[in-house]
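Here the structure comes first, spelled out in structure tokens, and everything after it is commentary.
Each value in this text was obtained by applying a stated rule to the coordinates, not by laboratory testing. A quick note: this is a predicted structure, and the numbers were derived from the prediction, not measured. Cβ atoms come from the backbone with ideal geometry, glycine included; neighbour counts cover every protein chain shown.
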Amino acid sequence: MTKILLVEDHEELWDFLSRRLRRHGFDVVLAHDGQQALDQATAEAPDVVLLDMDLPVLDGWTVARRMRADTMQAHTAIIALTAHAMAGDRARALEAGCDDYHSKPVDFPALLRQIDEVLLRREEE
């Protein structure tokens, strides 16, 4: 079963996403701030991290960079989830180490496709 670490500080969104992801057969682990994200990534070894970029304690940009610098987490797939939809935000997320970018509000079918795509790319590496 694919394990997803959902890093989101807004209760409504993490509740909505975690329930829908579980219904689609994913094992979901939650973190509500950037430090918890790093701790959970180490403890749980997720296959995919859905990473909000505006987080308390450590922002998502910092989390992604630290995960990429950690040899144990360097190959974990990361999808940025963010309300930042300005020109250059996608490039900034990819530059920080994210594999893909999904702007909010979440388009759940598109997010599922992105999860499948990043997992496939990681398998091919």
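Helix-only estimate, please: 222 nm mean residue ellipticity of the chain, summing -39500 (n - 2.57) across DSSP H runs of length 4 or more and dividing by its residues, to the nearest 500.
On the way: 5 runs with 59 residues, N = 125.
Taking each H run of at least 4 residues, the total per residue is -14500 deg cm²/dmol.
Projecting each Cα onto the charge dipole of the range 3-124 (Lys/Arg +1, Asp/Glu -1 at the beta carbon, about the Cα centre), which of 101, 64, 37 comes out farthest on the positive side?
Highest projection toward the positive end goes to 101.
Sequence-distant or interchain residues sharing an amide H contact under 5 Å with residue 29, placed H: which?
Those qualifying (amide H under 5 Å, at least 5 residues apart or on another chain) are 4, 5, 6.
Under 8 Å for C-alpha pairs, at least 6 residues apart: give me the relative contact order for the chain, rounded to a whole percent. Spell out each step's value before the answer.
Numbers: 205 pairs, mean separation 26.3, N = 125.
Relative contact order of the chain: 21 percent.
Specify the residue with the greatest mean-square fluctuation among 69, 80, 41, computed from a Gaussian network of the chain linking alpha-carbon atoms under 10 Å apart.
69
Provide the net charge surrounding residue 65, with neighbours chosen by a C-beta distance below 14 Å and charges set as Lys +1, Arg +1, Asp -1, Glu -1. Let's see the in-between values first.
Values: positive: 66, 68, 92; negative: 59, 70, 95, 99.
Within the 14 Å Cβ shell, the charges total -1.
Let me check the size of the chain from its C-alpha atoms; what are the radius of gyration and Dmax in Å?
Values for the chain (Cα only, Rg and Dmax): 12.9, 36 Å.
Compare 75, 32, 24 in a GNM of the chain, Cα atoms joined below 10 Å, and give the one with the largest fluctuation.
Highest fluctuation of the listed residues: 24.
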